[in-house]
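Inspection log for the structure reproduced underneath, given as structure tokens.
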Amino acid sequence: MEMYILDGDRNPVRCDDIGEWGEFQRDPEKRRVARSEFGPVSVSTVFLGMDHSFGSGPPLLFETMIFGGKSDGYMDRYSTWQEAEAGHEAACLLVNADSIQRDKKLSYRDWE
């Protein structure tokens, strides 16, 4: 599996030095794209540092996951920081849509 680090402009750069890669991986702030909390639900987007495309298409180096709620376990992967930011936003919208649906269901019960 190919290893990557981020340059100063947040662009992925292939890294063949396991020591350099490991040092980069130790700092979670360098790898965090975004984290959003919605009560008990969280959306996390990070730079993985390893290509998860497994040789099929462009390197997939970033990942968004939803923890908790209706969409618990949702996951998507991306090639660039910009795609990861957009994917994080989309996951946040999904969590919001889930809670709107939940609230509508609750409000219907309240009226019955």
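The values are calculated or read from the model by the stated rules, or taken from the named source; none is laboratory data. Keep in mind the model is a prediction, meaning the values are calculated, not measured. All Cβ positions, even for glycine, are placed from backbone atoms using ideal geometry, and neighbour counts span all protein chains on display. These accessible areas exclude ligands, DNA and RNA; they are computed on the full protein's heavy atoms, side chains included. Shrake-Rupley method; radii C 1.70, N 1.55, O 1.52, S 1.80 Å.
Along the positive direction of the dipole of the stretch 24-88 (beta-carbon charges: Lys, Arg +1; Asp, Glu -1; about the Cα centre), which of Phe54, His88, Val41 reaches farthest? Farthest towards the positive pole: Val41.
When the Gaussian network model of the chain links Cα atoms closer than 10 Å, the mean-square fluctuations of Leu60, Leu93, Leu48 top out at Leu93. In the stretch 1-84, carbon and sulfur make up what percent of the accessible area (probe 1.4 Å)? Roughly 51 percent, rounded to a whole number.
Distance between the pseudo-spin-label points of Leu93 and Arg35 (7 Å out from Cα toward the beta carbon): 2.5 nm. What shape does the chain have by the C-alpha gyration tensor, where a ≥ b ≥ c are the square roots of the eigenvalues, rounded means a/c under 1.5, and otherwise prolate means a/b greater than b/c and oblate the rest? Here the chain falls in the prolate category.
Electrostatic tally near Arg10: other residues with Cβ closer than 14 Å to its Cβ, Lys and Arg +1, Asp and Glu -1, net -3. Using C-alpha pairs below 8 Å separated by at least 6 residues, the relative contact order for the stretch 30-106 is 26 percent.
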